[in-house]
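Trainee: The following block contains the structure, expressed as structure tokens.
The values are calculated or read from the model by the stated rules, or taken from the named source; none is laboratory data. Everything quoted here is computed from the prediction, not taken from an experiment. With ideal geometry, Cβ positions are generated from the backbone for all residues, glycine too; neighbour counts draw on all protein chains shown. We work out accessible area using only protein heavy atoms, side chains counted, and drop any ligands, DNA or RNA first. Shrake-Rupley method; radii C 1.70, N 1.55, O 1.52, S 1.80 Å.
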Amino acid sequence: MSETWVVVPTCLPLVLRRCHTCASERFRAHGKFRVNAHHKLIDAWLLALCTLCGETTRITVLERVNVRSIRPGFLDRLHANDCGLAAELLQDPVVRRRNHIALDWSAAWRLDTGAPDRPEGEAVEVSVRFAARIPVRPVRLISEGFGLSRAEVERLLAEGRVVSAARLGGRLTGDFTFTLKR
């Protein structure tokens, strides 16, 4: 039997950065941008609010860039506060590195399994797809998808009843396949 599961983002992840006002480390981005023009140069920031005190922080997207070098569609998306663009920019490693931020995906995704009817005692091959680069432990996905405890999944891994070409011990952000032998 073969199944396909999809890891889907449900909202924007929390931004991990220290707040200068209250020393909290979590900011919520709502997809709002601030664009500022200086003659022919433009700056753009993604705005995020501290989850404790509400202080605003700016995540630099563009800094002193010539307006003519920016694609018009990109500029239109900035002005329209496109939430999809915010998600793309938060996942961009260059933006994260430049702004010294990390992302917390803990409550910003769900697993769609399609709720198939599985006959007992049959081996199941599952193909897991990621709609976005969300770091998730495969053990957590397997436990949620099959309704097992994590300890039970760890036991099945140790017995060799869950096998995969991918390493199932750490976090994964890309597609993988595994087989559960019952």
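Trainee: Tell me whether the stretch 1-75 comes out rounded, prolate or oblate; compute the Cα gyration tensor, take square roots of the eigenvalues as a ≥ b ≥ c, and use a/c under 1.5 as the rounded threshold.
Mentor: oblate
Trainee: Residues of the chain: accessible area per residue at 1.4 Å, in Å²?
Mentor: 57 Å²
Trainee: Sticking with this structure for a sec: Return one number: the angle in degrees, 0 to 90 and rounded to the nearest 10, between the long axis of the Cα atoms of helix 150-159 and the longest principal axis of the Cα atoms of the chain.
Mentor: Helix 150-159 sits at roughly 60 degrees to that axis.
Trainee: Hey, rough spin-label estimate for ARG58 and ALA80, points 7 angstrom out along Cα→Cβ, what's it come to in nanometres?
Mentor: Rounded to a tenth, the inter-label distance reads 2.4 nm.
Trainee: For the chain, how big is Rg over Rh, using alpha carbon atoms and the Kirkwood form of Rh?
Mentor: 1.10
Trainee: Follow-up. Shape verdict for the stretch 99-150, please, from the Cα gyration tensor: rounded (a/c under 1.5), prolate (a/b greater than b/c) or oblate.
Mentor: In terms of gyration-tensor shape, prolate.
Trainee: In whole Å, what three semi-axes, largest first, describe the equivalent ellipsoid of the stretch 84-182 built from its Cα gyration tensor (square root of 5 times each eigenvalue)?
Mentor: They are 30, 14, 11 Å, listed largest first.
Trainee: State log₁₀ I(q)/I(0) for the stretch 128-170 at q = 0.18, 0.30, 0.32 Å⁻¹ as given by the Debye formula over alpha-carbon point scatterers of equal weight, solvent excluded.
Mentor: The computed values of log10 I(q)/I(0) come out as -0.51, -1.22, -1.30.
Trainee: Right, another one. Using a 1.4 Å probe on the protein chains only, how many percent of the accessible area of the chain belongs to carbon and sulfur?
Mentor: 49 percent
Trainee: Is there a quick way to get the dipole size of the stretch 131-182? I mean about its Cα centre, with the Cβ of Lys and Arg at +1 and of Asp and Glu at -1; what is the value in debye to the nearest 20?
Mentor: 80 debye
Trainee: Could you work out the helix-only [θ] at 222 nm for the chain, with each DSSP H run of four or more residues adding -39,500 (n - 2.57) and the total divided by the number of residues, to the nearest 500 deg cm²/dmol?
Mentor: Helices in the chain give a 222 nm mean residue ellipticity of -6500 deg cm²/dmol.
Trainee: Taking 0.36 nm per residue of sequence separation and subtracting the Cα-Cα distance, how much length would be gained by fully extending the chain between ARG97 and GLU25, in nm to one decimal?
Mentor: 24.3 nm
Trainee: Can I ask one more? At 1.567 mPa s and 4 °C, plugging the Kirkwood radius over alpha-carbon pairs of the stretch 1-45 into Stokes-Einstein gives what diffusion coefficient in µm²/s?
Mentor: 89 µm²/s
Trainee: Dimensions of the stretch 41-133 along principal axes (Cα, Å, largest first)?
Mentor: Cα extents, longest axis first: 64, 35, 24 Å.
Trainee: What is the P(r) of the stretch 25-66, as percent of Cα-Cα pairs per 10 Å bin from 0?
Mentor: All Cα pairs considered, the percentages come to 31, 43, 21, 5.
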